[in-house]
Amino acid sequence: MSEIDEDAVLSDFEGEEETHLEGVEENEKVQVCYLTQETISQGLSLLCRTGNGLGHAFVKLDLKDNGLSDITAVSSFIHLRFLDVSNNHLTDLSPLASLTQLLWLKVDCNAVACFKGQPFTQLTYLQWLSMAANRLTDLDGLVGPALESLNLTGNGLKTVNGLQGGCFANLVTLELRGNHLDSIDGINLPNLRQLYLAQNVIKHLKGLERLEHLTTFHLRDNQLDTLEGLSPNMKCLQYLNVRGNAILYENALKCLGLVSKTLRALVLSENPLVETNDYRLSVLVLLPNLERLDKDLVSPEERTEALERIKELKEEEISLP
């Protein structure tokens, strides 16, 4: 299993966020910038058949980096399936309500503050949505029956209430990096596969028993001092990243045993625990099937030593009166 280069991912996002903040400051000074037909014509591409098969229309529109604060003119392009309006000054997405064929929508680096009054109840075919680096503080009003990927990185979210399987039955990938979450309780998405929560203020794990199909779980740079909350229901978990937390004691890792059959890669670096000389052995005793610990593969010698230690512990238990 290859390790995800989260350093690169986070670095890219931090650069985007800085640029976005500069744009927000500029937005407070500029006048309303309307979308024109000329700008639309320059951004259109990908000619396809329309839904009835009797005509053709351009279904992809790129409007990023145009300084837009109003996109009313886009509402008549009802055949669009792919739309990028990132890096503008948008607060209102309601003109998108008529674009009921949208499959893919990118709204990164704008100034949208809430989902209420936005068009998502009409976008019933939308499968991919990214609204990173906006001003969102809650999820009220967001629905996505067809959504498979949702990126809300770099907003101001404090809770995740509303992420229920009934409204997001097809959601597979959820990115909530760089928000203000102190808990993940409220994520009830049994079909979720990848969950990215780096750079929040999460202090405890709760509600993980609902994430039965999760394979990748990123919790880097939070405030966890224990992994209590990992559940045996997580029968698909393969990759866990808790780098840069506050895990100090070996006892805080005991819950790793609950996912020992499936976990293949674990990142524990930049926790106080790793300063101890034998932390790798302690981890491998709990996770004998682990293939990678931090950035290093588990060596045959380490695995042998761990298996011997497991055997010793079992013999000690048997000998106890």
Problem - Tally of residues being at negative phi, free of Cβ contacts under 8 Å to residues at least 60 places away in the same chain, in a loop (DSSP other than H, G, I, E, B) and within 22 Å of the chain's Cα centre (by Cα) across the stretch 259-270 - result: 4
Practice task
Find all pairs meeting these conditions: Cβ atoms under 6 angstrom apart; at least six residues apart or on different chains; first residue within the stretch 142-165 and farther than 14 Å from LEU189 by Cβ; second residue surrounded by fewer than 21 Cβ atoms within 10 Å (Cβ to Cβ) and charged (D, E, K, R).
Solution key: GLY154/GLU17
Practice task
Kindly indicate whether ARG220 is charged (D, E, K, R), within 19 Å of TRP128 (Cβ to Cβ) and not in a helix (DSSP H, G or I).
Solution key: no
Fill in the blank from the handout: Taking first residues from the stretch 184-204 that are in contact (Cβ under 8 Å) with a residue 60 or more places away in the chain and second residues anywhere that are among the small types (Gly, Ala, Ser), the pairs with Cβ under 8 Å that are 6 or more apart or on different chains are ALA198/GLY178; GLN199/GLY178
Fill in the blank from the handout: Those residues of the stretch 202-211 which are more than 18 Å from LEU258 (Cα to Cα) and under 15 Å from the mean Cα position of the chain (by Cα) amount to ILE202
Completion exercise
If we take the stretch 44-128, then strands (runs of 3 or more DSSP E) inside it with 2 or more residues that are closer than 19 Å to LEU150 by Cβ are 82-84, 104-106
Exercise for the section: Would you confirm whether any residue within the stretch 143-160 is farther than 21 Å from LYS64 by Cβ, of a type outside the set (Ser, Thr, Tyr), touching a Phe, Trp or Tyr at 6+ places or on another chain (Cβ under 6 Å) and loosely packed, with under 15 Cβ neighbours inside 10 Å? Expected result: no
Completion exercise
From the option list LYS311, LYS295, LYS254, single residue qualifying as exposed (fewer than 15 other Cβ atoms within 10 Å of the Cβ), under 22 Å from ASN233 (Cα atoms), charged (D, E, K, R) and modelled with pLDDT under 95 is LYS254
Exercise for the section: Could you list, in sequence order, all residues of the stretch 130-149 that are more than 11 Å from LEU192 (Cα to Cα) and outside any loop (DSSP other than H, G, I, E, B)? Expected result: SER130
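The values are calculated or read from the model by the stated rules, or taken from the named source; none is laboratory data. Remember, predicted model here, so these are calculated numbers, not experimental data. Neighbour counts run over all protein chains shown; Cβ positions are idealised from the backbone, glycine included.
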